[in-house]
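A short write-up of the structure that comes next.
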Amino acid sequence: MNYRHAFHAGNFADVVKHVVLLCLLKRLIEKPKPLCYLETHAGRGVYDLEDERARRTREADNGIRRVAASATEAGPVQDYMRIVRGINKTGELTVYPGSPAIAAAALRPEDRLRLCERHPEEVEILARHFRADRRVSVSPADGYAALGGLLPPTPRRGCALIDPPYESADEVDRVLDAVALGLRRWPTGIFALWYPIKERRDAIAFRRRLAKLGVSVAVLEFCVTPDDNPARLNGSGMAIVSPPWGLETRMRLARDQLSEILCRRRPARAEVVIIAADKQDRDRSSRTSPRRPVRARGHSRP
Ligand SMILES: C[S@@+](CC[C@H](N)C(=O)[O-])C[C@H]1O[C@@H](n2cnc3c(N)ncnc32)[C@H](O)[C@@H]1O
């Protein structure tokens, strides 16, 4: 449990992840029915950009600070910036909202948030941040182990974000196993998965395994540098498993807006890919979860 998100909060990958997450949530709240938002790896919820860890890496300079300095037309990035500005009451950009804070700001009084986080310090900050929000419950738990017990949630509509640190070699297996289990327990659920991109072949392998889930998946892969260097985080992906109708269009708009802001020239690669449902594979994967060897990554998150 070495990974601490405070070193990376607000970097380009966080921006892409949170813009896509917000696109998904906004699409879901178009319907009046209440929903449940789950997170297996919630982090601390809010991050101090003046913190010593954030200052050391300065990763937010190429992420949220760049977005805040740009003029954005109406669309996904403007929606996201409204939430970022809302949490920075003084007008200065000193606080970065993590995914739980983005979700809490987007969701309605009738919706529910179930957040899991394993690191004791992160849990304490997360629970403190949401102590007055009756919609939110925080579990100091291993998100993978807790997920099965949380599904199907009440209300039954909704989505789950799986955003682990990718510290261990088997993290990709664990993510895909969690989604396969999630789809069995909660067939109407939507699952959002974040994954790092260092080399293109890893991203292709990950997408192939997503295809074996047997449901459709919408993916935004966004690389700020060429995805051919295993020594650095070149990009990231957000995969939305069982995406709601219309999300793809918002993801394309997000891609275009983010490309202009996050990359001085053109992004190394920014694409929205739709992986079609393969029903045969779903039948197979409901018996055994897809598993293929993956190369060890070590601490592959930034
Ligand atoms: C990438 S961060 C989460 C960031 C957060 N989702 C956001 O976007 O603001 C990953 C988090 O997972 C936590 N973590 C690591 N292993 C875990 C596990 N098995 N269960 C729950 N949390 C875990 C880490 O402490 C870290 O806070």
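Size of the dipole of the chain about the Cα centre, Lys and Arg at +1 and Asp and Glu at -1 on the beta carbon, nothing else charged, in debye to 20?
Magnitude of the dipole: close to 680 debye.
For the chain, how many pairs of lysine residues have a Cα-Cα distance under 26 Å, where the two are 8 or more positions apart or belong to different chains?
The result is 9.
Per residue of the chain, what 222 nm ellipticity follows from adding -39500 (n - 2.57) for every DSSP H run with n ≥ 4, rounded to the nearest 500?
-11500 deg cm²/dmol
Put +1 on the Cβ of each Lys and Arg and -1 on the Cβ of each Asp and Glu in the chain; which of P244, V175, G91 then has its Cα farthest toward the positive end of the dipole?
P244
Given a Förster distance of 30 Å, report the FRET efficiency between I29 and S259 from their Cβ-Cβ distance, rounded to the nearest 0.05.
In this case the efficiency is close to 0.70.
Note the full-extension length gain between T90 and A211 as 0.36 nm times their separation in residues minus their Cα-Cα distance, in nm to one decimal.
Value of the extension gain: 39.0 nm.
Over the Cα atoms of the chain, Rg to Rh with Kirkwood Rh, two decimal places?
Using only Cα positions, Rg/Rh for the chain is 0.93.
Sort L176, L113 by Cβ crowding within 10 Å, fewest neighbours at the top.
Least to most surrounded, the residues fall as L113, L176.
Toward the positive end of the charge dipole of the chain, about the Cα centre and with charges on Cβ (Lys, Arg +1; Asp, Glu -1), which of V219, A9, P196 goes farthest?
Looking along the dipole axis, the top candidate is V219.
Take T188, T72, T40, T90 and order them by how many other Cβ atoms sit within 10 Å, fewest up front.
Least to most surrounded, the residues fall as T90, T188, T72, T40.
If I stretch the segment between E124 and D51 completely, what's the gain in nm (0.36 nm per residue apart, minus their alpha carbon distance), one decimal?
Full extension from E124 to D51 adds 24.6 nm.
To make sure I understand, if each residue's beta carbon is the centre and we count other beta carbons within 10 Å, what order do M238, M1, M81, M251 fall in, fewest to most?
M1, M81, M251, M238
Mind giving me the FRET efficiency for T154 and D228? R0 is 51 Å, r the Cβ-Cβ distance, nearest 0.05 is fine.
Efficiency at R0 = 51 Å is approximately 0.65.
FYI, it's all coordinate maths here, none of it is from the lab. If you're wondering where the values come from, they're calculated on a predicted model, not measured in any experiment. Here Cβ is always computed from backbone atoms with ideal geometry, including for glycine, and neighbour counts include all displayed protein chains.
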